[in-house]
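What follows is one structure encoded as structure tokens, with my remarks underneath.
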Amino acid sequence: MYARLIGTGSALPQTEVTNDALAQRLAQDGIETNDEWIRTRTGIEARFLADASLGEGTTQLAVLAAERALAAAELTPADIDLIICATTTPDQIFPSTACQVQAKLGAAGGAAFDVQAVCAGFLYALNVADSMLTSGKFKRALVIGAETLSRVLDWKDRSTCVLFGDGAGAVVLEASDDAGILACKTYADGRLGTDVLGLTGHLDNGVLAGDPFIRMDGRQVFKCAVEGLSTSGKAVCDEVGVDPSDVALFVPHQANLRIMTMVAKKLGIDMDKMAKTVACHGNTSAASVPLALDVAVRAGNVNKGELILLQGVGAGMAWGSCLLRY
């Protein structure tokens with residue numbers, strides 16, 4: 001029994017913010033940056049930011065991505081008996097984003113819950129869904145990554161606010177005898193905690209306590225990301241008995257083009273096989289991988305029967321890779 005990918009979908013907010021536009025916004029607060037500074041360090045040229053006045057939030061984006069994935073799979077919400085949503089920026093603490101998505105889709109009755117592993121969240125959710133489908137207890141799953149990180153950015157911190165964007169991506173998985181997910185591995189090292197990447201803000205007796213913004217040690221994140229993605233990518237390929245160069249589509253976490261390029265080189269994967277949406281989307285955390293996957297699938301960059309390698313890495317530190325046959 002396999003968990004087979006049968007549909008993808010994604011959603012972005014309406015407002016695109018280019019590097020130039022962002023630089024003008026930051027300049028109002030005395031923060032200096034420009035398109036060249038951002039682009040040469042990250043590969044990012046623009047990002048999409050949610051606008052609450054337009055009703056845009058994590059749940060709304062997740063629902064849109066889910067609807068498009070269901071349409072691609074030619075299924076209805078009633079066909080889904082499992083929804084897992086990876087997010088670090090839910091619209092509310094509870095009920096879960098997955099339950100809210102379930103209600104808005106009209107798919108009540110199955111299991112629905114959230115997974116929180118920040119930028120590695122979608123890979124963690126995918127691993128969980130794979131296990132639940134191949135156990136025989138569930139038939140079809142919606143796995144979603146959705147974020148509105150713009151709500152937790154310090155717009156006076158140039159080292160972080162230029163990196164992130166909002167969005168959502170979703171996939172539909174189906175229990176099948178046909179090959180699907182072949183190997184999925186997730187890891188974490190909790191010793192690399194908030195000093196490397198974290199957001200310590202929380203509610204305490206109705207009052208915000210801690211720092212409400214993302215803080216990051218960029219050099220340490222770069223080092224951890226390259227090592228974690230390279231080793232986990234090799235591990236899933238070794239488990240299946242294929243070489244990373246056999247992969248037809250490589251979808252790494254879209255955080256930084258330099259990280260992505262270095263990992264591809266370490267794995268021996270041709271650059272023309274790598275999905276690259278970081279330039280237009282920025283880092284959308286848990287939405288990054290499914291969003292980039294949907295763009296690649298709809299562009300016809302992978303054919304039935306070919307291998308896809310998905311990767312995520314985020315705070316924790318947490319990371320993982322998944323190898324599947326499309």
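The values are calculated or read from the model by the stated rules, or taken from the named source; none is laboratory data. All values derive from a computational prediction rather than experimental measurement. Ideal geometry is used to build each Cβ from the backbone, glycine not excepted, and the neighbour counts take in all protein chains shown. In case anyone asks, the SASA skips ligands and DNA or RNA and just uses the protein heavy atoms, side chains included. Shrake-Rupley method; radii C 1.70, N 1.55, O 1.52, S 1.80 Å.
Under 9 Å by Cβ, and 6 or more places apart or on different chains, what pairs join a residue from region 160-189 that is at positive phi with one that is assigned to a loop (DSSP other than H, G, I, E, B)?
167/12; 167/13; 167/50; 167/282; 167/284
Looking at residue 10 and the list (1) modelled with pLDDT of 95 or more; (2) of a type in the set (Gly, Ala, Ser); (3) surrounded by fewer than 16 Cβ atoms within 10 Å (Cβ to Cβ), which single condition is not satisfied?
For residue 10, the exception is condition (3).
Filter region 216-230 down to residues that are aliphatic (A, V, I, L, M) and closer than 22 Å to residue 155 by Cβ, then give me how many there are.
2
Which of (1) in contact (Cβ under 8 Å) with a residue 24 or more places away in the chain; (2) open to solvent by less than 30 Å² (accessible area, probe 1.4 Å) is the odd one out, the single condition residue 114 does not satisfy?
Only one criterion is unmet by residue 114, namely (2).
Cβ contacts < 6 Å: first residue among the charged types (D, E, K, R), restricted to region 120-140; second residue not in a helix (DSSP H, G or I), any location; separation 6+ or different chain. Result?
130/3; 130/181; 130/184; 139/81; 139/175; 140/80; 140/174
Within region 24-54, track down each residue that is farther than 22 Å from residue 12 by Cβ and either exposed (fewer than 12 other Cβ atoms within 10 Å of the Cβ) or touching a helix residue (DSSP H, G or I) at 6+ places or on another chain (Cβ under 6 Å) (or both).
Residues satisfying the conditions are 28, 29, 30, 31, 32, 33, 34, 36, 40.
Would you tally the residues in region 199-255 being open to solvent by 20 Å² or more (accessible area, probe 1.4 Å) and of a type outside the set (Ser, Thr, Tyr)?
The qualifying residues number 36.
Go through 97, 59 for me and flag whichever is polar (S, T, N, Q) and in contact (Cβ under 8 Å) with a residue 60 or more places away in the chain.
Unique residue meeting the criteria: 59.
Of everything in region 148-163, what is closer than 25 Å to residue 84 by Cα, open to solvent by less than 30 Å² (accessible area, probe 1.4 Å) and out of contact with any Phe, Trp or Tyr (no Cβ under 8 Å at 6 or more places or on another chain)? Give them in sequence order.
148
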